[in-house]
Structures are given as structure tokens and as C-alpha cells.
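S.K.: For reference, the structure I am asking about is given below.
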Amino acid sequence: GQSLEQPSEVTAVEGAIVQINCTYQTSGFYGLSWYQQHDGGAPTFLSYNALDGLEETGRFSSFLSRSDSYGYLLLQELQMKDSASYFCAVRDVSSGSARQLTFGSGTQLTVLP
Amino acid sequence: DAGVTQSPTHLIKTRGQQVTLRCSPKSGHDTVSWYQQALGQGPQFIFQYYEEEERQRGNFPDRFSGHQFPNYSSELNVNALLLGDSALYLCASSSDRGRETQYFGPGTRLLVL
């Protein structure tokens, strides 16, 4: 089976940089995704890493190390609106063509003024 | 472009009852996945529909069933409701030939009393 670990809570101040780590155990790994979910809202896609390295999209970056089964989401220039839950999710070979995602339990990010 | 829509937004049922939740995928998407999200947890994969057939199923009992219609919309049915079925039910759509991104709807919050 698959398992993912990420911190349950992270707190930072506006303008700061925060890193949310994710370690995973899975077989036949395909890729690591990150989703953001505001309270009462739908998860929204942030990034996807299939290969080692850093992917940058505006203020958000995501990193993957396949050899370490580890990834992180980096949020820069934090804004109050970034307060939300962040989930890492993996797809592995058992999902086949379905591209089934297995999600972590989520990290609640609180941005303070 | 209307994104993923789900109905109803909220639902209250009692134990033993049956419920049907509905989902319309994002325009151009042909694949619908259903997830259950308990409070404070990440979404858990229930099943995925493609070409009107269940393509992959997660670790959920047969009380959970679904359907996909020719217009790609989908229904999730849950029979013999249990208190533990109380959760946010999320529908996600994607294109089978598209990228890894799954687009989530706002969800249906089900409360079983």
C-alpha cells in the first residue's frame, strides 16, 4: 500500500517563506502532486512533479527527490489568503490508467499578520 | 467554462437510508473520480468512471456504487448509510488523454444521523 507523511500544522507570518515536507512510501511511483484546500472549498491543483528537481509556478515551488521518497512545497511571499490546508498526493503503478491519487492527511497552514 | 459541479451541496440522512450524489465534469473531461473526505483528513479514493464503466475502485464496501452517463456526468450511490459515512464527498474530473491534473468540485457534505 501507500503512505504519506506531512506535518499537521505550520504557522508563518505574512511575507515569509514556508516549506511543507512530504515523505511517501509507495511502489512503482509515478509522481507527486500538491493540492490546496480552503475551509469548505474544493481542493485545487498546485503542482505536479514526476522527475527529480524543482518546479516553479509563481510564488509556489515544488521539489521532488525520488531516491529519498521526499518532496516539498515552498510558498514564498506569504499572503493571508494562503491560509489553507495543503495536501501532497501520489500516484503509483497500482492506479494504472485510472491515475488514482492517494492523499496525505494535509498540513494546515496559518498565515499571521 | 463551468468547472466541476456537484449537487446537492448539503444533505442530512438517517442511518439505513440511501443517498444519491451527482456530479457534472468540467467541459472536455471524460473521466470522473469520487473521493470521500472525513473531517481533518485527506480525500480517500472511492472509484473512477470512464466510458460509463468503473475503471478502478478503492477500499470501499459494495454499499458504495456509481454510474456514469453518456454525457460523462456521474452519480455516487450509498446504501444502508452508517454514521461513519458522514463526510464531504468530492467529485474530480480529468481527461483520460490529458495531464495529471484533477479538477475537484465543491463537494457534497453528507451528515448521517
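The values are calculated or read from the model by the stated rules, or taken from the named source; none is laboratory data. If you're wondering where the values come from, they're calculated on a predicted model, not measured in any experiment. Note: ideal-geometry Cβ built from the backbone for every residue, glycine included; neighbour counts use all protein chains shown. We work out accessible area using only protein heavy atoms, side chains counted, and drop any ligands, DNA or RNA first. Shrake-Rupley method; radii C 1.70, N 1.55, O 1.52, S 1.80 Å.
S.K.: Leaving out ligands, DNA and RNA, and with a 1.4 Å probe, what % of the accessible surface on chain A is carbon or sulfur? Walk me through the intermediate numbers first.
M.R.: Values: 2480 of 5200 Å².
Exposed carbon and sulfur together represent 48 percent of the surface.
S.K.: Right, another one. Would you kindly compute the Cα radius of gyration of segment B:4-68 and its largest Cα-Cα separation (Dmax), both in Å?
M.R.: 12.7, 37
S.K.: Using a 1.4 Å probe and ignoring any ligands, DNA or RNA, find the accessible area of residue A:52 and quote it in Å² to the nearest 10.
M.R.: Here the accessible area works out near 90 Å².
S.K.: Please report the carbon-and-sulfur percent of the accessible area for chain B; probe 1.4 Å, protein heavy atoms only, DNA, RNA and ligands left out. The partial results should precede the final answer.
M.R.: Values: 2680 of 5540 Å².
The nonpolar share, carbon plus sulfur, comes to 48 percent.
S.K.: In what sequence, largest accessible area first, do B:100, B:52 appear using a 1.4 Å probe?
M.R.: Largest accessible area first, the list is B:52, B:100.
S.K.: Let me ask something else about it. Sort A:74, B:90 by heavy-atom solvent-accessible area, probe 1.4 angstrom, most to least.
M.R.: Greatest to least solvent exposure: A:74, B:90.
S.K.: Can I ask one more? Indicate the residues belonging to segment A:20-57 that lose 50 Å² or more of solvent-accessible heavy-atom surface (probe 1.4 Å) upon moving from the chain alone to the assembly of all protein chains, ignoring ligands and nucleic acids.
M.R.: For segment A:20-57, once contacts with the other chains are taken into account, A:43 lose 50 Å² or more.
S.K.: Using just the alpha carbons, could you tell me how many Å³ per residue the convex hull of segment A:7-113 encloses? Could the numbers behind the result be given before it?
M.R.: On the way: hull volume 10.3 nm³, N = 107.
It is 96 Å³ per residue.
S.K.: Something else: Starting from the Cα of residue A:21, step 7 Å along the direction of its Cβ; do the same at residue A:59; then give the gap between the two resulting points in nm.
M.R.: Label-label distance for residue A:21 and residue A:59, simple model: 2.4 nm.
S.K.: How far is it, in nm, from the label point at residue A:76 to the one at residue B:22 when both lie 7 Å from their Cα along the line to the Cβ?
M.R.: 4.6 nm
S.K.: With the contact rule set at Cα under 8 Å and sequence spacing of 6 or more, what percent relative contact order holds for chain B?
M.R.: The normalised contact order for chain B reaches 37 percent.
S.K.: Buried accessible area for the A:B pair, summed, 1.4 Å probe, in Å² rounded to 100?
M.R.: 1700 Å²
S.K.: May I pose another question? Quick check: net charge around residue B:66, other residues with Cβ under 13 Å of its Cβ, Lys/Arg +1 and Asp/Glu -1?
M.R.: Here the charged neighbours net out to -1.
S.K.: Take chain B, compute every pairwise Cα distance, and split them into 10 Å bins from 0; I just need the percent in each bin.
M.R.: 15, 51, 29, 5, 0
S.K.: Considering only B:61, B:73, B:49, whose Cα is most displaced toward the positive end of the charge dipole of chain B, charges sitting on Cβ of Lys, Arg (+1) and Asp, Glu (-1)?
M.R.: Selected residue: B:61.
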